[in-house]
Amino acid sequence: MIDLKEKVENIQPLEGQVKVKIKIPKEFVTESGIILTSQRDKVFKEADFYNVEVLEVGKGCPKDVQVAKVYRVDKFAGTAIPTEGEDLIKVIPHDLLLGEDSDNPEEFNPHEDRLLVKVTSQASKTKGGVIAPGNSGDIFETDTLGGEIIALSDNLTKEYKVGDKIRWESHAGYAMEFKGGEDGEDYRSIQKFSILCKIR
């Protein structure tokens, strides 16, 4: 079996795509620059998202997607390309970039039509399909989440603002973690079309 590996510089993203390198956390790199691959791979399997650095931008991508910027992406986004060396390279459609990375949720910069929200309320669910007497709201029970907008793309500032309270489909978006966030806080990256309504 022939193992065909490409040189990183030879990989060219197509229109609407970006070539990215998965950022390796410092704790998995020795002082001499050796990557501890076994520990790295274990963490990557358990993670919900990666931090990636943009290496090259294909035609047709928004101008704010630039080389050397660091974004977060869902771990299943894009396709891994086997390359020479230790770099983990993927080709990803630009619209799957969640936003520019930050350790602080307030400083996270969502991409395109995305918002960063903090979950503050969740719809209750009846157990076993039984509707409790006097609780007519359960008749129209939907699987939704409520929360507050923490950060949003510049493209959405005409419709929404930081601090707005909204409700969205609970299955939508990606769970996000921040080193600078408070313990127990639940953050999600969602897209505009997942929003059901504003809350006064």
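The values are calculated or read from the model by the stated rules, or taken from the named source; none is laboratory data. Model, not experiment: these values are computed from the prediction. Here Cβ is always computed from backbone atoms with ideal geometry, including for glycine, and neighbour counts include all displayed protein chains.
This table checks each residue for (1) under 17 Å from the mean Cα position of the chain (by Cα); (2) more than 18 Å from residue 25 (Cβ to Cβ); (3) at pLDDT 85 or above; (4) surrounded by 12 or more Cβ atoms within 10 Å (Cβ to Cβ).
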position	(1), (2), (3), (4)
40	no, no, no, yes
63	no, yes, yes, no
78	yes, yes, yes, yes
81	no, yes, yes, yes
133	no, yes, no, no
Completion exercise
For region 145-200, the count of residues that are over 21 Å from residue 102 (Cβ atoms) and of a type in the set (Asp, Glu) equals 2
Practice task
Inspect region 141-163 for any residue being over 30 Å from residue 63 (Cβ atoms), over 17 Å from the mean Cα position of the chain (by Cα), surrounded by fewer than 12 Cβ atoms within 10 Å (Cβ to Cβ) and modelled with pLDDT under 95 and give the result as yes or no.
Solution key: yes
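Out of all the residues in region 96-106, which are over 17 Å from residue 23 (Cα atoms) and in contact (Cβ under 8 Å) with a residue 60 or more places away in the chain? Walk me through how you get there before you give the answer.
First, pick out the residues of region 96-106 that are over 17 Å from residue 23 (Cα atoms): 104-106.
Residues satisfying the conditions are 104, 105.
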Exercise for the section: Go through (1) part of a strand (DSSP E or B); (2) at pLDDT 90 or above one by one and return the number of the condition residue 90 breaks. Expected result: (2)
Completion exercise
Considering residues that are more than 25 Å from residue 50 (Cα to Cα), of a type outside the set (Gly, Ala, Ser) and not in a loop (DSSP other than H, G, I, E, B), the number found within region 146-200 is 7
